Amino acid sequence: MDILNALVAILNFVVIPAASYGAQLALGALGVTLIYGILRFSNFAHGDTMAFGTALVILVTWGLQAIGISLGPLPTALLALPIGIALCAVFVLATDRVVYRFYRRKRSDPIILVMASVGVMFIMNGLTRMTPKIGVNEVRFDDGARFLISVQEFKAWTGLNEGLALRVSQALTLVVTALACWALFRFLNRSRAGKAMRAYSDNEDLALLSGIDPERVVRLTWIIATALAVTAGTLYGLDKSFKAFNYFQILLPIFAAAIVGGLGNPLGAVAGGFIVAFSEVAVTYPWKKIAAYLGFQSDGMLQLLSTEYKFAVSFVILIVVLLFRPTGLFRGKSV
């Protein structure tokens, strides 16, 4: 029974939270890696694109709730998500036209585009914080059922001392991420537009000679990256809560995930998201209870790092990969 209790505790406190968090990082990293692979620069505004798009989703969610529209046990934010993506995509495309296209036509060095994205990041961050009813405070916008499995129900079913909880937001994150990844990979591998994007990424000059419209590729890239970012941001907000500054902080593990998997490699971005998430959770979790179930007694908490330092794990992973394997585990473009 103690072994079963240990397994349940690992599932409850490590596997499920890390899988949910990893799925959110994977979606964010997919957007980063698409922009890097096709537009050839690291978009530092990606985290604030997530925040801005999620703020729009929250406003639409509140509007739908005000007129009595909901999804019952599921969060109303799922209905608001397509509208939030569309509104944020319009803003991002306008930003590309006003800012990035100028440097793209001049064929500026990637570092110039990176610096431009830093400026866009601060503008989007300010817009998010000035959004009415959003501001800088913590916002909760989840509704519907809270748990698929509650601790009390699980204990009653199994008779174990350790309980297992699975929140609706966690299950929803895994399902939506799986569907989004399937749709993206199918689009890139099967559709004509997806093949054009891949050709443009592999060899821009040859793609232009083949008759591929570069502006169409750029627009599609921004739209897909924005959809991934807003989806990731909304799922992150539903799972935890929305606070604009948190999305600035999450940029580090997102870039770490993209680089670990291989920047420019979509499959690597997904794998990198889960690697970073499980590393953060495993290193910051106190293993004392699980060790006790397995017969090992300890006076300490068996916690390598406090949760306040979880982003340090992403930073260490990022540095190690950049030093020893700059192309990532799945051999993306060299960073």
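The values are calculated or read from the model by the stated rules, or taken from the named source; none is laboratory data. All values derive from a computational prediction rather than experimental measurement. With ideal geometry, Cβ positions are generated from the backbone for all residues, glycine too; neighbour counts draw on all protein chains shown. These accessible areas exclude ligands, DNA and RNA; they are computed on the full protein's heavy atoms, side chains included. Shrake-Rupley method; radii C 1.70, N 1.55, O 1.52, S 1.80 Å.
For the stretch 116-126, check the following and say yes or no: at least one residue is outside any helix (DSSP H, G or I), touching a residue at least 12 places away in the same chain (Cβ under 8 Å), at negative phi and surrounded by 13 or more Cβ atoms within 10 Å (Cβ to Cβ).
First pass over the stretch 116-126, keeping only residues outside any helix (DSSP H, G or I): none.
No, there is no match, as no residue in the stretch 116-126 is outside any helix (DSSP H, G or I), touching a residue at least 12 places away in the same chain (Cβ under 8 Å), at negative phi and surrounded by 13 or more Cβ atoms within 10 Å (Cβ to Cβ).
Which one is most open to solvent (accessible area, probe 1.4 Å) among residues in the stretch 235-269 that are touching a helix residue (DSSP H, G or I) at 6+ places or on another chain (Cβ under 8 Å) and within 13 Å of SER169 (Cα to Cα)?
LYS240
Taking into account only those residues within the stretch 127-149 that are open to solvent by less than 20 Å² (accessible area, probe 1.4 Å) and in a loop (DSSP other than H, G, I, E, B), which is nearest to GLY72 (Cα to Cα)? It would help to see each step written out before you state the result.
The initial filter retains those residues of the stretch 127-149 that are open to solvent by less than 20 Å² (accessible area, probe 1.4 Å), namely 128, 134-135, 139, 141.
Those still in the list that are in a loop (DSSP other than H, G, I, E, B) too: 134-135, 141.
Values: ILE134: 24, GLY135: 28, PHE141: 14 Å.
Filtering first and then ranking leaves PHE141.
Quick one: which residue in ALA227, ALA291, ALA232 is touching a Ser or Thr at 6+ places or on another chain (Cβ under 8 Å) and either of a type in the set (A, V, I, L, M) or open to solvent by 10 Å² or more (accessible area, probe 1.4 Å) (or both)?
Only one candidate passes the filter, namely ALA291.
All but one of (1) open to solvent by 10 Å² or more (accessible area, probe 1.4 Å); (2) over 22 Å from ARG146 (Cα atoms) hold for ALA29; state the number of the condition that does not hold.
(1)
Residue check: is VAL230 at pLDDT below 95 and touching a Leu at 6+ places or on another chain (Cβ under 8 Å)?
Values: at pLDDT below 95: no; touching a Leu at 6+ places or on another chain (Cβ under 8 Å): yes.
In short, no.
From the set of residues in the stretch 154-175 that are open to solvent by 40 Å² or more (accessible area, probe 1.4 Å) and in a helix (DSSP H, G or I), which is nearest to ALA18 (Cα to Cα)?
Filtering first and then ranking leaves LEU174.
For the stretch 74-84, does any single residue satisfy the condition of being within 24 Å of GLY262 (Cα to Cα) and touching a residue at least 60 places away in the same chain (Cβ under 8 Å)?
No: the stretch 74-84 contains no residue that is within 24 Å of GLY262 (Cα to Cα) and touching a residue at least 60 places away in the same chain (Cβ under 8 Å).
Name the pairs whose Cβ atoms lie under 8 Å apart, with the first residue in the stretch 279-295 and free of Cβ contacts under 8 Å to residues at least 40 places away in the same chain and under 20 Å from VAL321 (Cα atoms), the second open to solvent by 40 Å² or more (accessible area, probe 1.4 Å) and not small (Gly, Ala, Ser), and 6 or more positions between them or separate chains?
Taking only residues 6 or more apart or on different chains, the pairs are VAL283/LEU304; VAL283/LEU305; VAL283/LYS310.
Being open to solvent by 30 Å² or more (accessible area, probe 1.4 Å) and touching a helix residue (DSSP H, G or I) at 6+ places or on another chain (Cβ under 6 Å) narrows it down to one residue among VAL92, VAL99, VAL57; which is it? Talk me through it step by step, then tell me what you get.
Values: VAL92 fails: open to solvent by 30 Å² or more (accessible area, probe 1.4 Å); VAL57 fails: open to solvent by 30 Å² or more (accessible area, probe 1.4 Å).
Checking each option against the conditions leaves just VAL99.
Working only within the stretch 110-143, note down all residues that are in contact with a Ser or Thr (Cβ under 8 Å, 6 or more places away or on another chain), under 20 Å from ALA55 (Cβ atoms) and of a type outside the set (A, V, I, L, M).
As a first pass, look at the stretch 110-143 and keep what is in contact with a Ser or Thr (Cβ under 8 Å, 6 or more places away or on another chain): 110, 114, 117, 120, 124, 134, 138-143.
If we keep only those that are under 20 Å from ALA55 (Cβ atoms) too, we end up with 117, 120, 124, 134, 138-143.
Correct list: SER117, GLU138, ARG140, PHE141, ASP142, ASP143.
Can you pull out the residues in the stretch 280-323 that are within 27 Å of ASP2 (Cβ to Cβ), at pLDDT 90 or above and among the small types (Gly, Ala, Ser)?
ALA282, ALA291, ALA292
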